[in-house]
Amino acid sequence: MDYPTLQDKLIMPEYGRNIQKMVAHAVTIQDREERARCVRTIIHTMGNLFPYLRDVNDFKHKLWDHLAIMSDFKLDIDFPYEKPQPESFHTHPEPIPYKRSRIRYPHYGRTVEEMIAKVIEMEDGEQKEQIALSIANQMKKNFVLWNKEVVDDKKILEDLYELSDGKISLNPERLRLLGSREILYKKPNMPNRPNNNQRRRR
């Protein structure tokens, strides 16, 4: 008895070992026409394994690509689609460019700094002040959740003033931010549960 652990590694496990053996056999067939007939049978069998994907775009194309992969690209037949090349499956993703500029206050985060930069560009007025106030509230949330301690509104507004290079100034005597304790001890919103009377009516 052949134990799976002693056999060759499955190239594409989702198709199983029998399909892989069929592909390996097709590679060894000398007659080109017979080899093509064998391959068409294999493709049909592979498709039957996933009938719910038949309506997916390019499903047949993917089957032929998978067939090429399982044959280690050694299958000499006329592919109905462009034959995939081994190098196309070994490409490295493009590196994601990360911003390397220093964050002045890590507990506020880079997003807050970017929002402040956008608000600086806005025309003075009520809308700009309201957005600045929203940013200040977000800064307070970030500060409290990062440090797990209460913080005075004056401290937040001073940091906002500093991060904006003195271009955003909110009056702490006229504005009130979210309470520190409210942020620290706020319970998560729970879905409304029907009370006993509601259950009885059902």
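The values are calculated or read from the model by the stated rules, or taken from the named source; none is laboratory data. In this text, all values refer to a predicted model and were calculated from it rather than measured experimentally. We place every Cβ from the backbone using ideal geometry, glycine too, and count neighbours over all the protein chains shown. Each accessible area value is taken on the protein alone, full model and side chains, heavy atoms only, with ligands, DNA and RNA left out. Shrake-Rupley method; radii C 1.70, N 1.55, O 1.52, S 1.80 Å.
Can you tell me which of E113, E94, E123 is at pLDDT 85 or above and either within 22 Å of the chain's Cα centre (by Cα) or open to solvent by 70 Å² or more (accessible area, probe 1.4 Å) (or both)? On inspection, the qualifying residue turns out to be E123. Of the residues making up the range 97-110, those that are assigned to a loop (DSSP other than H, G, I, E, B) and open to solvent by less than 90 Å² (accessible area, probe 1.4 Å) number 8. Annotation: I131 fulfils all but one of (1) farther than 30 Å from K21 by Cα; (2) assigned to a helix (DSSP H, G or I); (3) open to solvent by 70 Å² or more (accessible area, probe 1.4 Å); the unmet one is (3).
Output the residue which, of all residues in the range 150-199 that are among the basic types (K, R) and assigned to a loop (DSSP other than H, G, I, E, B), is modelled with the lowest pLDDT. Looking at residues that are among the basic types (K, R) and assigned to a loop (DSSP other than H, G, I, E, B), I get R193. When the range 145-157 is filtered for residues that are of a type in the set (D, E, K, R) and exposed (fewer than 13 other Cβ atoms within 10 Å of the Cβ), the ones remaining, listed by number, are K148, E149, D152, K154.
Any residue in the range 111-118 that is out of contact with any His (no Cβ under 8 Å at 6 or more places or on another chain) and under 30 Å from R37 (Cβ atoms)? Checked the range 111-118: no residue is out of contact with any His (no Cβ under 8 Å at 6 or more places or on another chain) and under 30 Å from R37 (Cβ atoms). Condition check for L145 on (1) at pLDDT 90 or above; (2) in a helix (DSSP H, G or I): one failure, at (1).
Number of residues in the range 135-144 that are in contact (Cβ under 8 Å) with a residue 40 or more places away in the chain and open to solvent by 20 Å² or more (accessible area, probe 1.4 Å) equals 2.
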